[in-house]
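Some notes on the structure that comes next.
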Amino acid sequence: MTSKGCIFDIRRYAIHDGPGIRLNVFFKGCPLHCQWCHNPEGQDPEPVVMFNRTRCLSCGACQDHTLPDACPSGALETCGKCMETGEILELALREKLFFDRSGGGITCTGGEPLMQPEFLVNLLAACRENGIHTAVDTCLYAPETVLLQVIPHTSLFLADLKVMDPALHKQYTGADNALIHNNLRVVARSGVPFALRIPLIPGVNDTPAELAEMADFALELQRQGNLTAIHLLPYHDYGKEKKSRILRGRVPFQGDFSTPPEQQVKAILKDFHKKGLPAARGG
């Protein structure tokens, strides 16, 4: 089992993506191409070169924009690097006191962690062996066999539920959602606590029909397993700025969406609550 993986960011003392204080580890690569992705630099499985115009001195040292190490100001940087399980575990162990006191731990996110299954299982197992809570933030677009390897080492799943209509899902993410829905049922039946994360995208999944179908599916999963929360995530355009800085590597397409009005968000939450679903904004 491999002990190396490609990581594009690590955020210490995070208070999102799981309970308590967390170490969030961002895995490179994603099988989906969501048009609203807020981490477009993480979609390419390989490292990409990013450009920060505000740091540029216009010195010409980079020439063809392919040599980040040649940039004296840090305007060019490589997003993505190979890391060992032991390196990340060492970071987590340094912060275990904060994890223990806050109920926190490590969250593997991305990108899509399930695209690096051997490395993911290796890291999760090492953390669990050291008494560290583990969370996996995932779109669940992966073979069921991969998911079954990950489940025993996971304390919490943060699972995306993007679009119910298969044609719309394929149009906006590049893939059908049958595999995802099957894997959501596998997670529910596993007994591992899980939260659903619904990105609210105006014009895509905010119609009454889509929301009603999402609520029905969530109720099905709630009956099958340990659904702890539903996180409603209103669209924001943070990903567009990051996409504009990708100079070398896969540049994903991003659609033109708007942020949903607060009144709409509150109405959706109210409707979910009436149906007995543990919905909240953010998470």
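Coordinate-derived values only; no laboratory data. Bear in mind that the values here come from a model prediction, so they are computed numbers and not experimental data. Cβ sites come from the backbone with ideal geometry, for glycine too, and all protein chains shown count toward neighbours.
For the chain, the antiparallel share of DSSP beta bridges with both residues in that region comes to about 35%.
Take the Cα of Phe253, step 7 Å toward its Cβ, do the same at Arg55, and the gap between the two points is 3.1 nm.
Charge dipole of the chain (Cα centre as origin; +1 on each Lys and Arg Cβ, -1 on each Asp and Glu Cβ, all else neutral): 540 debye, rounded to the nearest 20. Anyone know which of Thr138, Thr207, Thr85 comes out most mobile in the 10 Å Cα GNM of the chain? Highest fluctuation among the options: Thr207.
How much length is gained on full extension from Ala125 to Gln264, taking 0.36 nm per residue of separation minus their Cα-Cα distance?
Details: separation 139, 0.36 × 139 = 50.04 nm, distance 4.13 nm.
Length gained, Ala125 through Gln264: 45.9 nm.
In sequence order, region 87-102 has phi-based couplings of 5, 6, 4, 4, 4, 5, 5, 4, 10, 4, 4, 5, 4, 5, 6, 10 Hz under the Karplus curve 6.51 cos²θ - 1.76 cosθ + 1.60, θ = phi - 60°, and Gly or Pro positions carry x. Taking Arg248, Arg128, Arg55 as the candidate residues, the one with maximal mean-square fluctuation in a Gaussian network model of the chain, Cα springs under 10 Å, is Arg55. Shape of region 4-281 from its Cα gyration tensor (a ≥ b ≥ c, root eigenvalues): rounded if a/c is under 1.5, otherwise prolate when a/b > b/c, or oblate? Oblate, because a/c is 1.5 or more while a/b does not exceed b/c.
Find the relative contact order for region 4-281 and round it to a whole percent, using C-alpha pairs within less than 8 Å whose residues are 6+ positions apart. The partial results should precede the final answer.
Numbers: 563 pairs, mean separation 57.7, N = 278.
Worked out over region 4-281, it gives 21 percent.
Mean residue ellipticity at 222 nm, helices only, the chain: -10000 deg cm²/dmol; runs of at least 4 DSSP H residues each add -39,500 (n - 2.57), and the sum is divided by the number of residues.
Segment His33..His16, full-extension length gain: 3.8 nm, with 0.36 nm per residue of separation and the alpha-carbon distance subtracted.
Amide H contacts of Asp9 (H built 1.01 Å from N, in plane; Pro and chain starts excluded): Phe26 sit under 5 Å, all sequence-distant by 5 or more or on other chains.
What full-extension length gain, to one decimal in nm, is calculated for Leu97 and Asp69 as 0.36 nm per residue of separation minus the Cα-Cα distance?
So the extension gain works out to 6.5 nm.
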